[in-house]
Amino acid sequence: MQRAVLLLALALPMTSATSRYDAMPTQRKIDLIEQGRIPAGTMLTFEERELNVYLQKKSREVIPDGLREPHVTLNDGRVTGKAFVDFVKMRHAQGEDMNWLMSSLLKGEYPIRVEGRVASSKGTARVDLDVVQVGGASLKGRALDLLVRTFVLPLYPNAKVGTQFELGYNVDRIELKPGAAQVVIAGKETGAKR
């Protein structure tokens, strides 16, 4: 009997240890991290499925018009995001108008696809974009900079792409795995910055 249990244990896939926080709703986990109430050394798992439910709900609060069906797919150190965006409606929802030329060029809804890499350790992270597609056309250089300045930074002024930034809230690192993101709270010896 003991041999069968040992063989079964060896045959089962190894999974990350779960914390007592993993079953909590996404917003509750985020609140506890921001309040500094997660013990040092704890790893919290955010399943891709739960992140997508949260993203759908939160996007309606932040961008009530002009964005629909946001979805992320997580893999080893990589994230792919997809959504449908109407840039003109999005700007109007922010209380901003666009000039006639920009409105004419960007009128209508477009499928968006963004692929990037996330690397983090010791309380800092870096996000690098590999692919940004709007309506099937790839954006790079100035066009991408304009998109980020006009549509991302007004909503998220602290967003950083292509540069190292502090994670804050005593988060040591965020590890992206297939289907999950794991947030590791700094241990006493690592002491990530708040």
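Looking across region 28-51, the residues that are closer than 16 Å to ALA181 by Cα and either touching a Cys at 6+ places or on another chain (Cβ under 6 Å) or buried (at least 16 other Cβ atoms within 10 Å of the Cβ) (or both) come down to LYS29, ILE30, ILE33, THR42, MET43, LEU44, THR45, PHE46, GLU48, GLU50, LEU51. Which residues, counting only those in region 94-125, are of a type in the set (D, E, K, R) and touching a Phe, Trp or Tyr at 6+ places or on another chain (Cβ under 6 Å)? Scanning region 94-125 gives a single hit, GLU109. Among the residues making up region 14-63, those that are farther than 22 Å from LYS188 by Cβ, acidic (Asp, Glu) and in a helix (DSSP H, G or I) are ASP31, GLU48, GLU50, GLU61. Residues that are surrounded by 16 or more Cβ atoms within 10 Å (Cβ to Cβ) and modelled with pLDDT of 95 or more within region 56-72 comprise PRO70, VAL72, listed in sequence order.
The values are calculated or read from the model by the stated rules, or taken from the named source; none is laboratory data. Here the structure is a predicted model, which means the values were calculated and not measured. All Cβ positions, glycine included, derive from the backbone under ideal geometry; neighbour counts span all protein chains shown.
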